[in-house]
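Single-structure report; data block below.
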Amino acid sequence: MKRILFFSFIIGILLVTAVPTHADSTSPYTTWAIGPAGWLVMTQDAYTPYDEIDLDISGAEDMFITDDGVIYVADTGNGRIVKLNANYEVDTIYGEEELSAPSGLFVDEEGTIFVTDARQDMIYIFDAAGNVVNSFGRPDEPLFGQNRQFLPRKIAVDARENLYIISEGSVNGIVQMNTNGDFIGYFGANTASMSLKMILQRTFLTEEQLDQFIKNEAASPSNLTIDEQSLVFTVTAGTNDWESIRRYTVSGKNIYPEIWGSTSFRDIDVSQDGLVLAVDADGFLVEYDLNGRMLFLFGAKDTGNQRLGTLTNPTAVERHGEFIYVLDKDKNALVVYETTAFAREVHEGVRLYIDGYYREAQPYFEDILNQNGSLIMAYQGIADAHFKAGNYPTALANYRYAEDRSGYSQAYWELRNQVLQQYLSQVFLGLIGVSLVFQVGKRVERRYRWFDPIRDWFHRLKQIKLIDDFLFMFRFIKQPADSFYYIKKDLRGSLGFALLIYVAVIVIRILSLYVTGFVFNPFSSVSYIPIEYEITITLGLILLWNAANYLISTISDGEGRVRDVVIGTAYSLFPYLLIALPVALISNVLTLNEIFLHDFTLNLMWVWVGIMLFIMVKEIHNYSFSETVRNVLLTLFTMGLFVLTGYILYVLFTQLFDFVSAILQEVRLRG
């Protein structure tokens, strides 16, 4: 699912920046939200372009808006901090003599201005009147690191006047200092991911060889902000998009899940209502709620048309009231967006939902669905409201629409408890009654032999080859080794029935996906099931195993024929035929509380299949235990080689086809 979300996000970005069609003719972009299966869906405009204000600045890198709406801009190109008046004109200038290239800016409630200077690698603190209160550079404390550089680029300050500084290239995290310039420690370091290739390199290569490779270090945060609770939010450019935004506790632990993100976020802002907003270098903005769930994606790159609302090189984003302000470095301007009535309704519903007022938020979400029925977040809010009210059947339906398996499981657990409490005694009485009837009927049948004609008919039925092959499968439960011996000696089993088993495996694979309960189903809707893909994979694995195993056995003194391998492999899949579909059906009455039973049964099934295949190889080819292990490993390796060869051939023929197509097109154009 994560891979699907990732590709859908990339598609969404391309559509945002490339598709000229949009929901509102006044907007140069389309607004998107998360819909079914995690795909982006078009929605009403959340923000519309309001104004583009040219400023008397040059190459500005940062901006800050106070609670009362005063705008401060880090005028990087002119080496100063400017304060704008109500007409967006320069009202006050700070640090014109001290600053060289201010790149980060923060203003506290008392009007104290904190600035990072990228050219001097210094921190400057100005009071509200513009006087320098303090300035300092690299910390002297040994804890900072003897060889660590101090390259301050962005800054934020919490209520205790602790400074959080983004130092370019700092893999240890955010540099934390006080207003005196004393180093407090590192905070919120990113973690580096390890690929399989890196793990193998570290396992087998020497230290000298590893020194020749680029060190695997975590990406340094590129910007940050602090919310009303003094919790730090960061964006990291160049990392995985689902890890690009992080929210840290006071202890420095990231509490954000994997979210929709971008590898080129420039800035982040958190409003007093808990709305998180990030701006990307490609000109789009992404809004999240406080839990990291994406609400809207909108915006577009200015490709030269200079349409209102498009961005060229955004460097900072701030929210004040109903307006979003984006600082564009290349335009030397503020691009302003206004909140629409639709977005205000979403925000109010989300605010109530985050605060735990599910029932109060329900009318907002219902009205949102009336305007756009594809928004997953609205179904989530409605489902939680019904769950809290004890209306579990309605909650189940909405959790399914919201594709929330955890919520669905909890609601079903409550509903199942109600049903069990109401009917459990009747069920037990019924089972006891059925048991008594069965025992009495069994004794009566022994005396009067009423079922003898049926037994005779069944005995004659076993004489049919197809029926005998079917019943032969159940012999593998107790005597698998002897059963494979019978196959090898042509005493039991047939090639035709083996092919029927393979067909049954494919059918059961598809059916199990359709009938598996929502909680355990990898697909949130049956319409998402890729039938062709599942058939291809299942059939491909069967063909690869049979071909690889026979080829390996022919060069390693195996006695089995092609017929023996095909039939033996088919009968080895009997545990899958026996267990897969019943488990899929039973999963409809299970919850996540019983996930152990579900997963354990499936794992046991696959272990059983593996044991059957192992015994098949041993008996069909008359191998010893060690020879069987060797054959199985070589078979798996050969299957991998087949796949790799097929992929290489596919790439080569694709390139050849493209080359020939290009030549033919060139011939047509010249002709």
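The values are calculated or read from the model by the stated rules, or taken from the named source; none is laboratory data. Computed from a predicted model, the values in this text were never measured in an experiment. Every residue, glycine as well, gets a Cβ built from its backbone with ideal geometry; the counts of neighbours run over all protein chains shown. All accessible areas refer to the heavy atoms of the entire protein, side chains included, with ligands and DNA or RNA removed. Shrake-Rupley method; radii C 1.70, N 1.55, O 1.52, S 1.80 Å.
Things to note:
- Straight-distance crosslink candidates among aspartates and glutamates, where the alpha carbon sits under 13 Å from Lys388 and sequence neighbours closer than 8 are dropped: Glu360, Glu414
- Protein accessible area in the stretch 90-170, 1.4 Å probe - carbon and sulfur %: 41 percent
- The relative contact order of the chain, computed from alpha carbon pairs under 8 Å that lie at least 6 residues apart in sequence, is 9 percent.
- Debye intensity ratio I(q)/I(0), log10, the stretch 505-636, q values 0.09 Å⁻¹ (C-alpha model): -0.33
- With K and R counted +1 and D and E -1, the other residues having a Cβ less than 11 Å from that of Leu99 yield a net charge of -3.
- What the Cα atoms of the stretch 474-538 give is an Rg and a Dmax of 16.6, 47 Å.
- Solvent-free Debye calculation, one equal scatterer per alpha-carbon of the stretch 132-180: log10 I(q)/I(0) at 0.29 Å⁻¹ equals -1.32.
- Compactness of the stretch 574-619 - radius of gyration and Dmax, Cα, Å: 12.6, 41
- Restricting the calculation to Cα atoms, every distinct pair contributes to the Kirkwood radius of the chain, found to be 30.7 Å.
- Loop-resident chymotrypsin sites (Phe, Trp or Tyr not before Pro) (DSSP state other than H, G, I, E or B) in the stretch 444-507 with no more than 14 further Cβ atoms inside 10 Å of their Cβ: Trp450, Phe451.
- Ordered from longest to shortest, the equivalent ellipsoid semi-axes for the stretch 228-293 are 18, 14, 10 Å, each the square root of 5 times a Cα gyration tensor eigenvalue.
- Cleavage-rule hits (trypsin sites (Lys or Arg not before Pro)) in the stretch 147-183: DSSP loop, at most 12 neighbouring Cβ within 10 angstrom: Arg160
- Accessible carbon and sulfur surface of the stretch 235-384 relative to its total accessible area, %, 1.4 Å: 42 percent
- Among the trypsin sites (Lys or Arg not before Pro) in the stretch 439-498, those placed in a DSSP loop whose Cβ has at most 14 other Cβ atoms within 10 Å are Arg449, Lys462, Lys478, Lys489.
- Given +1 at the Cβ of Lys and Arg, -1 at the Cβ of Asp and Glu and no other charges, the dipole of the chain around its Cα centre is 5820 debye to the nearest 20.
- The angle between the Cα long axis of helix 341-354 and the main principal axis of the chain comes to about 70°, on a 0 to 90 degree scale.
- Local net charge near Gly188, Cβ-Cβ under 12 Å (Lys/Arg +1, Asp/Glu -1): +3
- Flagged links, alpha-carbon separation over 22 Å, of Lys83/Lys331; Lys301/Lys329; Lys465/Lys489; Lys478/Lys618; Lys465/Lys618: Lys465/Lys618
- Accessible solvent surface per residue of the chain, calculated while the other protein chains remain in place, 1.4 angstrom probe, Å²: 52 Å²
- Expressed as a whole percent, the accessible area of the stretch 496-641 that falls on carbon and sulfur atoms is 74 (1.4 Å probe).
- Percent breakdown of C-alpha pair distances by 5 Å bin, ordered from the shortest bin, for the stretch 25-74: 4, 14, 15, 14, 13, 16, 14, 8, 2, 0
- For the stretch 280-416: relative contact order, % (alpha-carbon pairs under 8 angstrom, 6 or more apart): 12 percent
- When every Cα-Cα distance of the stretch 545-593 is counted in 5 angstrom steps from zero, the calculated P(r) takes the values 5, 18, 18, 13, 10, 9, 9, 8, 6, 4 percent.
- Based on Cα contacts under 8 Å between residues 6+ apart, the stretch 479-613 shows a relative contact order of 36 percent.
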